[in-house]
Amino acid sequence: MAFPYSSCKQKYTFLSSLLLLLLLSSSVAELSFNFYAGSCPGAELIVRNTVRSASSSDPSVLGKLLRLIFHDCFVQGCDGSVLIRGNGTERSDPGNASLGGFTVIESIKNVLEIFCPGTVSCADILVLAARDAVEALGGPVVPIPTGRRDGTVSMAENVRPNIIDTDFTVDKMINIFSSKGLSVQDLVVLSGAHTIGAAHCNTFNSRFKLDPKGNLELIDASLDNSYAQTLVNKCSSSLDPTTTVVDNDPETSSTFDNQYYKNLLAHKGLFQTDSALMEDDRTRKIVEILANDQESFFDRWTESFLKMSLMGVRVGEEGEIRRSCSAVN
């Protein structure tokens with residue numbers, strides 16, 4: 001197995017975390033690196049090239065692909081069920097209404113079905129595309145074992161109890177992460193995904209109120225005043241807060257780096273859930289470490305992203321290999 005890192009420390013960190021995960025889950029042991037080496041040797045290259053090509057015409061798609069994997073894996077595991085279209089599916093739930101990147105996943109699947117029909121799962125495509133999106137933005141390359149199979153059940157009622165809303169407390173976030181086998185450190189590290197991407201004004205409007213003249217007024221004292229004014233200027237001019245978007249990271253929105261944590265130290269977290277990480281001793285200490293050491297963030301991202309990508313995977317005879325990612329066979 002070849003590692004993309006030159007640091008022995010990084011290799012050791014990745015190996016130790018992978019071995020731990022293999023011990024914790026028997027289903028994980030059925031996944032393997034280069035799973036498609038014999039059946040579809042160009043699979044991972046096709047994923048990477050399609051992601052890069054799509055991002056050249058629409059850079060925002062990279063953040064959308066990363067967000068998509070969170071919304072898939074946190075709801076009944078990494079099984080591609082968020083991709084299924086139809087009434088009553090996860091994708092139809094209002095909590096997933098702003099998700100994007102679906103056309104990129106379908107494009108990848110269409111190409112793979114030409115070269116290797118019925119071979120590569122949508123669940124694997126989704127994880128690999130998110131991994132490659134991070135790499136394309138300057139983040140770490142995460143070695144990902146493959147061999148996931150696609151789920152055949154997708155229900156909207158499973159969405160809300162399993163995803164993080166933008167006004168959650170730290171306790172609520174920890175509870176959800178813990179229920180998925182993820183730690184407090186995983187919570188803080190995976191929140192670093194907000195170093196890229198964008199959000200609609202209505203996702204953080206609880207931090208403001210309308211004054212008698214109809215203007216936005218800051219009511220969340222945890223937010224930096226100058227940053228809050230920038231958000232007010234951006235969102236007050238919008239007739240539709242569900243369509244106007246603001247970068248999650250006001251400093252380096254097109255680079256996957258540790259700037260997100262520096263923003264938190266400066267009280268410039270876009271969401272209430274971001275700012276909340278600075279208000280709890282359990283999470284603030286981790287934020288401070290990651291803000292001061294990008295290499296540490298990349299090492300820990302590698303571990304936490306891998307851990308998330310293995311949640312609730314279906315292998316062997318479970319599930320299926322979908323012919324189209326938007327529908328079961």
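Whole number please: convex hull volume per residue of the Cα set in the chain, in Å³?
Cα convex hull per residue, to the nearest whole number: 134 Å³.
Rolling a 1.4 angstrom probe over the protein heavy atoms, how many square angstrom per residue are accessible across the stretch 92-146? On a per-residue basis, the stretch 92-146 sits at 28 Å². A straight chain from residue 106 to residue 320 at 0.36 nm per residue would run longer than the Cα-Cα distance by 75.4 nm. In the stretch 104-237, the ratio of gyration radius to Kirkwood radius, Rg to Rh, stands at 1.06 when only Cα atoms are counted. Springs between alpha-carbon atoms under 10 Å, Gaussian network over the chain: tell me which of 53, 304, 226 tops the mean-square fluctuations. Highest fluctuation among the options: 226. What the Cα convex hull of the stretch 39-196 gives, in volume per residue, is 118 Å³. Run the quick spin-label model on residue 153 and residue 92: label points 7 Å from Cα toward the beta carbon, then report their separation in nm to one decimal. With each label placed 7 Å out from Cα toward Cβ, I get 1.7 nm. Near residue 149, the amide H atoms lying under 5 Å from its own belong to 314, 315; only residues 5 or more places off or on other chains count, and H is placed 1.01 Å from N.
Once neighbouring chains are kept in place and the probe is 1.4 Å, which whole percent of the accessible area of the stretch 61-190 is contributed by carbon and sulfur? With neighbouring chains kept in place, the figure for the stretch 61-190 is 52 percent.
In the structure shown, the pairs 262/285; 64/109; 180/307; 209/262; 172/262 are assessed against 21 Å; a Cα-Cα span above that value is assigned to 209/262; 172/262.
Quick one: among 41, 140, 250, which has the greatest mean-square fluctuation in a GNM of the chain with alpha-carbon springs under 10 angstrom? Top of the fluctuation ranking is 41. To put it simply, the accessible area of the stretch 246-329 at a 1.4 Å probe is 41 percent carbon and sulfur.
If you count only protein heavy atoms with a 1.4 Å probe, what accessible area per residue comes out for the stretch 173-264, rounded to a whole Å²?
47
Magnitude of the charge dipole for the stretch 34-120, about its Cα centre and with charges confined to Cβ atoms of Lys, Arg (+1) and Asp, Glu (-1), is about 180 debye. Quote the Stokes-Einstein diffusion coefficient, in whole µm² s⁻¹, for the stretch 177-279, based on the Kirkwood radius over alpha carbon pairs, a temperature of 25 °C and a viscosity of 0.890 mPa s. Reported coefficient: 171 µm²/s. Looking only at the stretch 143-172, which residues have a backbone nitrogen under 20 Å from a spot 7 Å from the Cα of residue 116 in the C-beta direction? Backbone N within reach: 143-151. Entry note, the chain: the mean residue ellipticity at 222 nm calculated from DSSP H runs of n ≥ 4, each adding -39500 (n - 2.57), is -13500 deg cm²/dmol after division by the residues and rounding to the nearest 500.
The length gained by stretching the chain between residue 222 and residue 45 to full extension, at 0.36 nm per residue less their Cα-Cα distance, is 59.3 nm. Using the Karplus relation 6.51 cos²θ - 1.76 cosθ + 1.60 with θ = phi - 60°, the per-residue 3J(HN,Hα) values for the stretch 287-298 come to 4, 5, 5, 5, 5, 9, 8, 5, 4, 5, 4, 5 Hz, with x marking Gly and Pro.
Under the convention that each Lys and Arg Cβ holds +1 and each Asp and Glu Cβ holds -1, the size of the dipole of the chain around its Cα centre is about 320 debye.
When the chain is treated as a GNM with alpha-carbon contacts under 10 Å, the residue of 87, 263, 248 showing the greatest mean-square fluctuation is 87.
The values are calculated or read from the model by the stated rules, or taken from the named source; none is laboratory data. Since this is a predicted model, take the numbers as computed values, not measurements. Neighbour counts are summed over all protein chains in view; Cβ atoms, including those assigned to glycine, are modelled from backbone coordinates with ideal geometry. Accessible surface is based on the protein model in full, side chains and every heavy atom, while ligands, DNA and RNA are left aside. Shrake-Rupley method; radii C 1.70, N 1.55, O 1.52, S 1.80 Å.
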